[in-house]
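Worksheet: one structure, shown below.
Quick note: the coordinates plus some simple rules give every number you see, no bench work behind them. Worth saying up front: this structure is predicted, and the values here are computed from it rather than measured. Note that we place each Cβ from the backbone using ideal geometry, even for glycine, and neighbour counts take in every protein chain shown.
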Amino acid sequence: RPRVFSGIQPTADSFHLGNYLGAVRHWVALQETHDAFYCVVDLHAITAGHDPVVLKQRSRVAAAQLFAVGIDPERSTLFVQSQVPEHSQLAWVLGCITGFGEASRMTQFKDKSQKQGSERASVGLFTYPILQAADILLYQANAVPVGEDQRQHLELSRDLAQRFNSLFGPTFTVPAPHIVKDTAKITDLQDPTAKMSKSSSSPAGIIDLLEEPARSAKKIRSAVTDTGREIVFDTETKPGISNLLTIYSALSGRSIDDLVAAYAGKGYGDLKKDLGEVVREFVTPIQERTRAYLDDPAQLDKLLAAGAEKARAVAAPTLRAAYDRIGFFPPV
Ligand code: TYM
């Protein structure tokens, strides 16, 4: 079986629809065909400042949500990054074959550090994509299911794998991005040309999986839509309506064409009202299952510890091989 690896940051109280539709939904599907490793990346989550109590709670909520949407601990390995020390260890090695200029060209770093003020941005934020490469390469992943915003980071992961292999001998699988175009960039409800984002969207622009469905419905009703009144799919001229149609289609399983036909002659308001209902139906059982996992944190932590053990069984031999290739002594 080919292998997949992906990660999500525990930097919010809930995943949003962009995270789910762009990435996590595919994680669930890929369990059927792939040997799957999924990670709550708490090491990444401390690159821009954090509160320890909040972080730990968010890591648990993230894991609970992943189980609730269908990640099956019997078939997939779901774990928290900080429980597998090999991630930091490999990141150091990869950092030493990454060019300073190369890392400086990462657009997410440029955006985020600019927002924080370049003097205040941490070195961890700068080396973030190198840690991400370590995550992926440790598991010899063939494919990495992510949204469009991660494409450049995956390009770096590929470059680092190839570079290490040619400097020190074949060690790492070169991973391919798995980006499903239709839902690779869910946009902000208030600014349909920008991506829906935990860190930069306003609350009104985001639909969280764990928020009150009535609140989601209200946000959808106030979503910025386009001039004209016809419901058609065109991301250039009608980014707002197209985003709503994309979400509607992905959550309901109905094709965009089918939806456009069904709403011919109807108004934006009808579409928005119905989408609010689709979201409610979709999130309600997920919210219930998430709560059930969170009601028993000891059991949740046990599932995660078992995941970390399975992850280490794969990560440790990879790190050992890399250490050997570069002239380090084996870990004792
Ligand atoms: P993160 O936590 O920001 O997002 C998790 C996943 O959600 C996708 N995503 C979106 N997809 C479509 N539309 C959107 N509006 C949207 N917003 C977010 C992201 O592309 C991502 O797939 N650096 C990663 C975490 C990471 C990782 C890894 C991923 C760390 N190590 C190794 C893959 C492999 C991140 O910040 O994701």
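Need one number: convex hull volume per residue for segment 170-218, Cα atoms only, in Å³.
Measuring per residue, one finds 136 Å³ for the Cα hull of segment 170-218.
Give, as ranges by residue number, the residues of segment 142-162 whose backbone N falls under 16 Å from the point 7 Å along Cα→Cβ of residue 176.
142-146, 154-155, 158-159
First obtain the Kirkwood hydrodynamic radius of segment 268-313 from its Cα pairs, then insert it into the Stokes-Einstein equation at 37 °C and 0.692 mPa s, and state the resulting D in µm² per second as a whole number.
Using the Kirkwood radius from Cα pairs, D works out to 250 µm²/s.
Find the Cα radius of gyration of segment 1-156, compare it with 2.2 N^0.38 Å by division, and give the number to two decimals.
1.01
Please express the Cα-Cα pair-distance distribution P(r) of segment 212-264 as a list of whole percents, one per 10 Å bin, running from 0 to the bin with the greatest distance.
Going from the shortest bin to the longest, the percentages are 24, 53, 22, 0.
In whole angstrom, how long is each semi-axis of the equivalent ellipsoid of segment 4-69, when you take the square root of 5 times every eigenvalue of its Cα gyration tensor and sort them from largest down?
22, 12, 10
For residue 204 and residue 103, what does the FRET efficiency come to when R0 = 45 Å and r is the distance between their Cβ atoms, rounded to the nearest 0.05?
Once rounded, the FRET efficiency stands at 0.85.
Output the relative contact order of the chain, whole-number percent, from Cα pairs under 8 angstrom with separation of 6+ residues.
22
Relative to the first principal axis of the alpha-carbon coordinates of the chain, what is the inclination of helix 151-168, with its axis defined by its Cα atoms, in degrees from 0 to 90 and to the nearest 10?
The helix 151-168 is inclined about 20 degrees to the chain.
So what's the projected area for segment 132-210, the Cα convex hull averaged over all directions, in nm²?
Directional mean of the projected Cα hull area for segment 132-210 stands at 6.3 nm².
Between 0 and 90 degrees, rounded to the nearest ten: what's the tilt of helix 268-294 against the longest Cα principal axis of the chain?
The helix 268-294 is inclined about 40 degrees to the chain.
Counting only C-alpha contacts under 8 Å and six or more residues apart, can you give the relative contact order of segment 195-277 as a whole percent?
Relative contact order here is 32 percent.
Expressed as a whole number of Å, what is the distance separating the alpha-carbon centroids of segment 202-219 and segment 125-166?
First find each Cα centre; the distance between them is then 32 Å.
Long-range amide H contacts for residue 195: which residues qualify at under 5 Å (H placed 1.01 Å from N, peptide plane, sequence gap of 5 or more or a different chain)?
188
For a quick check: with amide H placed at 1.01 Å from N, whose amide H comes under 5 Å from residue 77's, ignoring anything fewer than 5 positions away on the same chain?
36, 37, 38
Roughly how many whole Å is it from the C-alpha centroid of segment 1-45 to that of segment 265-307?
Result: 16 Å between the Cα centres.
Multiply the residue separation of residue 270 and residue 257 by 0.36 nm, subtract the distance between their alpha-carbon atoms, and state the gained length in nm to one decimal.
Full extension of this stretch gives 3.0 nm more.
Would you kindly give the portion of the calculated P(r) for segment 77-194 that falls above 24 Å, as a percent of all Cα pairs?
32
Out of residues 5 or more away from residue 3 or on other chains, whose amide H comes under 5 Å of its own, with H placed 1.01 Å from N in the peptide plane?
Under 5 Å from the amide H of residue 3 lie the amide H atoms of 35, 142, 143, each far enough along the sequence or on another chain.
Which percent of Cα-Cα pairs in the chain sits in each 20 Å bin, short to long?
Per 20 Å bin, starting at 0, the Cα pair percentages come out as 30, 56, 13, 0.
Be a star and scan segment 178-209 for residues whose amide nitrogen sits under 11 Å from the point 7 Å along the Cα-to-Cβ vector of residue 29.
Within reach of a label on residue 29: 179-184.
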